[in-house]
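What follows is a set of notes on a single structure, which appears directly below.
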Amino acid sequence: METISEQDRIRAAEENADVLIAMLEHNHLKYQIAEQSPQRTYIKIHFTGNDLPMTLHIMLRTDKQIVSVISPMPFKMKEEVIPDAALAVAAANHGLIDGSFDLNLYTGEIRFRLTSCFRGSLLSEDLFSYLMYVSAETVDRYNDRFQGLNDGTLEIQQFLDEDAADEGRA
């Protein structure tokens, strides 16, 4: 594998950040640049879905030549429901084509994560749109289910049944 100089890594990250920002502007999306440095670009976007509000954290990392979209749930799972939450996360991930949910067993945090590499390439506005909208749609589909599991209004079997219905297995 060819070694990329630090200067080339920084230039690739900056060019990809420019494309991402252009896509956000072209789509008239409100966003906040939380950090823009040679090491990384970090942008926050707030969405309101069908139920719970969500925040997408989009990060371009120079060192790893990746862009990640991360969206944490706006709540933490209670300790007593973490075993059910682990089953729910596994079931949700099973049917996903891109991205995955992560559950921190110690803190109860659930987040969605979708990552793409830009090593040696310039990503398109279409790809950035895809990363952002797939993340938002996936989080919107599951955030109320995870919250229901957490607050006791949804049992684990109901979560699994709804997930099976999404995949056409019910």
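Results for (1) among the hydrophobic types (A, V, I, L, M, F, W, C); (2) in contact with a Pro (Cβ under 6 Å, 6 or more places away or on another chain); (3) over 15 Å from L127 (Cβ atoms), shown as yes or no for each residue.
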{"site": "A12", "(1), (2), (3)": "yes, no, no"}
{"site": "N16", "(1), (2), (3)": "no, no, no"}
{"site": "V19", "(1), (2), (3)": "yes, no, no"}
{"site": "M23", "(1), (2), (3)": "yes, no, no"}
{"site": "H26", "(1), (2), (3)": "no, no, no"}
{"site": "I33", "(1), (2), (3)": "yes, no, yes"}
**Request:** For V134, indicate whether it is in contact (Cβ under 8 Å) with a residue 12 or more places away in the chain, buried (at least 17 other Cβ atoms within 10 Å of the Cβ), β-branched (V, I, T) and farther than 23 Å from I21 by Cα.
**Result:** no
**Request:** Out of the residues in the stretch 71-81 that are under 30 Å from Y42 (Cα atoms) and in contact with a Leu (Cβ under 9 Å, 6 or more places away or on another chain), state the one that is surrounded by the fewest Cβ atoms within 10 Å (Cβ to Cβ).
**Result:** P74
**Prompt:** Which condition number in (1) part of a strand (DSSP E or B); (2) modelled with pLDDT under 95 is the one that I70 fails?
**Reply:** (2)
**Prompt:** N50 is checked against (1) at pLDDT below 90; (2) in a strand (DSSP E or B) and fails just one. What number does that condition carry?
**Reply:** (2)
**Message:** Take the conditions at pLDDT 95 or above, in a loop (DSSP other than H, G, I, E, B), over 14 Å from Y142 (Cα atoms) and among the hydroxyl-bearing types (S, T, Y) and apply them to Y42. Does it pass?
**Reply:** no
**Request:** Only one of these is among the acidic types (D, E) and modelled with pLDDT of 95 or more: D63, D102. Name it.
**Result:** D102
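The values are calculated or read from the model by the stated rules, or taken from the named source; none is laboratory data. Values in this document were obtained by computation on a predicted structure and should not be read as measured data. Reconstructed Cβ throughout: ideal geometry from the backbone, glycine too, with neighbour counts over all protein chains shown.
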